[in-house]
There are 2 protein chains.
Amino acid sequence: MALTTKDIALLAGVSQSTVSRSLNNSPLISVETRRRVLQIAEEQGFEFNANARGLSTNRTNTIGVIYPDDYLDHDVSLYLGSLLTQLRKILEQWDLDLIVSFKENRKTGIDSIKRLVMRKKVDGLIIVHSQSDTSTLEFLEKSDIPFVFLHFYHNSGKVEGINQVYTDHFTGGYLGTEHLIKLGHRRILCVSADAEGEYAQRRRGYQAALEHHKIAWDPALVLFGDRTFQSGYNLVLAHGDLFDSVTATFVHTDTMALGVMEALKATGKRIPQDIAVVGYDDVELTAYFQPRLTTVHQPREELATLACERLVQLLSAKRSLRGKQIKVQPTLVVRQSCGAHLA
Amino acid sequence: MALTTKDIALLAGVSQSTVSRSLNNSPLISVETRRRVLQIAEEQGFEFNANARGLSTNRTNTIGVIYPDDYLDHDVSLYLGSLLTQLRKILEQWDLDLIVSFKENRKTGIDSIKRLVMRKKVDGLIIVHSQSDTSTLEFLEKSDIPFVFLHFYHNSGKVEGINQVYTDHFTGGYLGTEHLIKLGHRRILCVSADAEGEYAQRRRGYQAALEHHKIAWDPALVLFGDRTFQSGYNLVLAHGDLFDSVTATFVHTDTMALGVMEALKATGKRIPQDIAVVGYDDVELTAYFQPRLTTVHQPREELATLACERLVQLLSAKRSLRGKQIKVQPTLVVRQSCGAHLA
DNA sequence: GATGGTTATGCATACGCTTGCATACACTTG
DNA sequence: CAAGTGTATGCAAGCGTATGCATAACCATC
């Protein structure tokens with residue numbers, strides 16, 4: 001049916017191994033022979049059988065991308081969805097295929113990571129997931145498969161050994177807050193999410209900026225939502241007095257920020273005149289809302305690129321490399337919602 | 001290193017082939033032997049080597065999903081992104097992995113479909129792509145690999161032979177239009193996109209509904225955008241007089257509809273009092289905008305489910321089945337932007 | 001002209017699994 | 001009791017590629 005190296009060998013009048021070596025650029029082959037083999041393979045439209053190759057080399061040229069199960073149920077989708085596209089774009093440069101999976105099969109409950117690795121379907125993993133239960137981590141180290149944590153920062157136990165690429169959310173929190181302070185704001189309401197993880201970092205940056213500028217930190221000025229538009233909207237309705245009492249708010253997710261802005265508008269507030277708003281993430285979605293949202297930009301392309309490059313390094317390394325923590329710096333994108341253009 | 005069936009065989013005191021048969025539920029194995037083998041395999045955390053299996057059976061338990069290269073550059077992203085999640089959710093029920101790829105590698109220019117199929121990396125394909133150049137189609141038929149076109153309708157040449165799952169856009173166009181007619185509107189502006197393909201169907205439905213209700217069809221009442229929010233917004237600015245002259249508008253993409261609504265609001269129009277708006281797609285995004293958008297719902301989950309089910313059928317069929325055209329009916333979701341709740 | 005050294009090629013095996021075929025065993029049955 | 005019939009298991013080949021090792025061809029050297 002499909003062409004094999006043996007078929008090409010027959011056509012070229014050489015042995016199967018010569019065909020294999022020719023197509024793999026082995027230095028053992030003479031220029032002339034290689035040329036002829038390549039030409040015939042080309043003419044016949046030959047492609048290697050990936051399974052046979054994988055069996056023989058223990059390499060599949062496929063990498064697994066692990067996503068949270070709910071990645072599109074939540075609004076986090078917009079961000080992670082475009083991250084996936086970036087990954088695909090970058091990995092194709094190395095002719096690497098990409099298997100997407102959720103962390104866990106909801107039907108069977110089977111851990112996708114273990115499954116993909118043990119079945120030898122992937123050469124490496126890019127894990128975009130917040131939780132790293134110890135068992136998974138142990139498994140990864142033991143099975144000696146290259147992997148990179150992307151986006152979510154992991155610090156469970158011995159961080160030294162693992163590779164990860166993530167945004168410096170402390171700095172992000174600091175940047176957004178300081179920007180508002182420099183615009184003259186003193187009481188800045190922080191709308192955040194999640195008790196721990198990256199959001200805690202953002203809050204630490206927020207707090208540090210206040211302290212650095214000698215502004216007392218008021219724990220009452222921190223609200224918690226669930227990252228959704230609706231949650232941002234509802235927080236404004238539920239805590240109208242709090243929003244009345246401040247001149248600015250720093251919302252730790254763009255989608256929530258949009259919800260906050262809509263609710264503020266609905267309650268008659270002008271943005272940024274009555275209250276300045278700064279968001280976090282810089283998702284395309286913000287383009288649809290007026291005023292244009294000033295926000296902390298997460299460098300998606302850079303994150304994706306660095307993660308892939310690191311993974312490729314790990315793949316080609318003879319011995320397993322040391323862990324590398326790659327922290328990417330966010331930047332502030334100044335638009336209109338903060339009022340900077342009015343100053 | 002990794003466990004093989006041979007290892008399990010040794011532990012169980014049986015031959016390698018008995019292990020293979022046991023794990024594959026062959027009826028040839030005695031209950032007691034199978035039980036013991038399964039238990040040992042379980043204890044040891046055994047998993048099959050997918051490459052060896054693939055080589056032997058010519059099956060990979062992996063299916064390829066082909067996306068347009070630009071699927072997240074455009075706003076179409078919101079819809080296709082969630083479609084992908086649906087596909088993953090459904091395919092995992094059959095323990096099928098999913099390789100995502102763009103139609104064509106932008107670096108090498110190599111056709112992903114051909115590559116994946118010829119290298120035997122996938123058992124089947126779900127193709128979410130509008131163009132089907134004849135060469136690809138010929139290749140697919142010749143290579144005898146199961147494939148299903150999803151979302152985009154293909155009618156090049158002999159449609160009979162191919163399998164596809166798509167929305168009945170004629171009916172969608174009809175539904176949206178008729179709804180407005182029944183609310184009393186006579187002059188309905190149509191904001192569409194793309195000269196051909198699914199958008200042409202939506203326009204045909206629009207036109208049919210008008211004619212059916214004895215309303216003269218006015219070609220001047222059809223505008224064309226590029227499916228983006230911004231394009232919807234700009235059309236309103238560019239054709240303010242046209243929008244003034246009608247009492248309703250049927251926009252053939254939600255994201256465009258949202259742009260249209262924002263622009264209408266910006267020019268002082270009230271929705272739906274001054275002008276009623278109906279969209280198309282029913283993306284989550286619309287939840288963020290007031291008034292809530294009445295729209296034609298594309299049954300994403302159903303589309304994804306049907307495509308997967310059909311593919312699974314094709315995979316397990318002995319001989320290649322006949323082509324099947326699965327047309328899914330859209331439904332109208334009545335919210336506020338059409339004004340029905342005021343009537 | 002025998003020896004040694006390159007260089008290019010082929011032979012044969014291994015990778016881990018599936019599966020057709022042979023076989024061994026335990027029963028029935030005439 | 002020989003022959004037949006299942007039933008459960010093992011043996012061995014084959015899937016297509018990579019690669020260590022043997023070999024052949026060619027040339028240079030003494």
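Derived from the Cα gyration tensor, the three semi-axes of the equivalent ellipsoid of chain B are 51, 20, 18 Å, largest first.
Contact-buried residues of segment A:99-126, at a threshold of 30 Å² lost accessible area versus the chain by itself: A:Ile99, A:Val100, A:Phe102, A:Asn105, A:Arg106, A:Lys107, A:Arg115, A:Met118, A:Arg119, A:Lys120, A:Lys121 (1.4 Å probe; DNA, RNA and ligands ignored). Label-point spacing at B:Gly240 relative to the other copies reads 3.4 nm, in ascending order, each point sitting 7 Å out from Cα along Cα→Cβ. Only counting protein heavy atoms at a 1.4 Å probe, give the residues of segment A:27-71, ordered by number, whose accessible area falls by 30 Å² or more when the other protein chains are present relative to the chain alone. Correct list: A:Glu47, A:Asn49, A:Ala50, A:Asn51, A:Leu55. Taking square-rooted eigenvalues a ≥ b ≥ c of the alpha carbon gyration tensor, is segment A:221-343 rounded, prolate or oblate, where a/c under 1.5 means rounded and, failing that, a/b exceeding b/c means prolate? Prolate shape, in that a/c is at least 1.5 and a/b is the bigger ratio. Give, as a single signed number, the net charge of other residues whose beta carbon lies under 15 Å from the beta carbon of A:Arg204, with Lys and Arg counted +1 and Asp and Glu -1. Neighbourhood net charge equals -3. Phi-derived couplings, Karplus 6.51 cos²θ - 1.76 cosθ + 1.60 at θ = phi - 60°, listed residue by residue for segment A:205-220: x, 4, 5, 4, 5, 4, 4, 4, 9, 6, 10, 4, 8, 10, x, 5 Hz, with x used for Gly and Pro. Computed in the context of the full set of protein chains, the accessible area of chain B at 1.4 Å probe radius has 51% of its extent on carbon or sulfur. Backbone geometry of segment A:300-317 corresponds, through the Karplus equation with coefficients 6.51, -1.76 and 1.60 at θ = phi - 60°, to 3J(HN,Hα) couplings of 3, 4, 5, 4, 5, 4, 4, 4, 5, 4, 5, 5, 4, 4, 4, 5, 8, 6 Hz, x marking Gly and Pro. Accessible area per residue was computed with a 1.4 Å probe on protein heavy atoms; B:Leu311 scores about 0 Å².
Close amide H partners of A:Gly124, meaning residues 5 or more places away or on another chain with modelled amide H under 5 Å apart, are A:Gly64. For chain A, the solvent-accessible area works out to 43 Å² per residue, with a probe of 1.4 Å and every protein chain left in place. Under a Gaussian network description of chain B, with springs only between Cα atoms under 10 Å, the residue in B:Pro330, B:Pro299, B:Pro27 that fluctuates furthest is B:Pro27. Across the protein chains, with a 1.4 Å probe defining accessible surface, the residues B:Asp194, A:Asp111 rank B:Asp194, A:Asp111 from largest area downward.
So which residue, out of B:Ala304, B:Ala41, B:Ala220, gets the largest mean-square fluctuation from a GNM of chain B using Cα contacts under 10 Å as springs? Of B:Ala304, B:Ala41, B:Ala220, the most mobile in the Gaussian network model is B:Ala41. The H on the amide N of B:Ala276, modeled in the peptide plane, is under 5 Å from the matching H of B:Ala248, B:Thr249, each at least 5 residues off or on a different chain.
Over segment B:5-48, the hull volume per residue, using the convex hull of the C-alpha atoms, is 57 Å³.
Excluding B:Val251 itself, calculate the net charge of residues whose Cβ lies under 11 Å from the Cβ of B:Val251, where each Lys or Arg counts +1 and each Asp or Glu counts -1. Net charge around B:Val251: 0.
Restricting the GluC sites (Glu not before Pro) of segment B:175-279 to loop positions (DSSP other than H, G, I, E, B) with no more than 14 neighbouring Cβ atoms within 10 Å leaves B:Glu196. DSSP beta bridges fully contained in the protein assembly as shown are about 10 percent antiparallel. Between B:Asp97 and B:Thr62, B:Ile63, the built amide H atoms are under 5 Å apart, and every one of these is 5 or more places off in sequence or on another chain. Segment B:169-298 gives an Rg/Rh value of 0.92, both radii derived from C-alpha positions and Rh following Kirkwood.
Excluding A:Ala307 itself, calculate the net charge of residues whose Cβ lies under 13 Å from the Cβ of A:Ala307, where each Lys or Arg counts +1 and each Asp or Glu counts -1. Once positives and negatives cancel, what remains is +3. A point 7 Å from Cα along Cα→Cβ stands in for B:Gly13, and the other copies hold the same point at 6.0 nm, listed in rising order.
Evaluated at 25 °C with a viscosity of 0.890 mPa s, what Stokes-Einstein diffusion coefficient in µm²/s does the protein assembly as shown have when Rh comes from the Kirkwood expression over alpha-carbon pairs? The Stokes-Einstein estimate is 88 µm²/s. With label points defined 7 Å past Cα in the direction of Cβ, position A:Ser320 shows copy-to-copy spacings of 4.5 nm, given to one decimal and shortest first.
Remark: segment B:333-340, residue by residue, has Karplus-estimated 3J(HN,Hα) of 10, 8, 10, 10, 5, 8, x, 4 Hz, where x stands for each Gly or Pro and the curve is 6.51 cos²θ - 1.76 cosθ + 1.60 at θ = phi - 60°.
Rounded to the nearest 100 Å², what is the sum over both chains of accessible area buried where A meets B, with a probe of 1.4 Å? Approximately 4800 Å², summed over both chains. Taking a ≥ b ≥ c as the square roots of the eigenvalues of the Cα gyration tensor, segment A:151-218 is prolate, since a/c reaches 1.5 or more and a/b is larger than b/c.
The values are calculated or read from the model by the stated rules, or taken from the named source; none is laboratory data. This structure is a prediction, so every number in the text was calculated from the model and none was measured. Cβ atoms come from the backbone with ideal geometry, glycine included; neighbour counts cover every protein chain shown. With ligands, DNA and RNA removed, areas are computed over all heavy atoms of the protein, side chains included. Shrake-Rupley method; radii C 1.70, N 1.55, O 1.52, S 1.80 Å.
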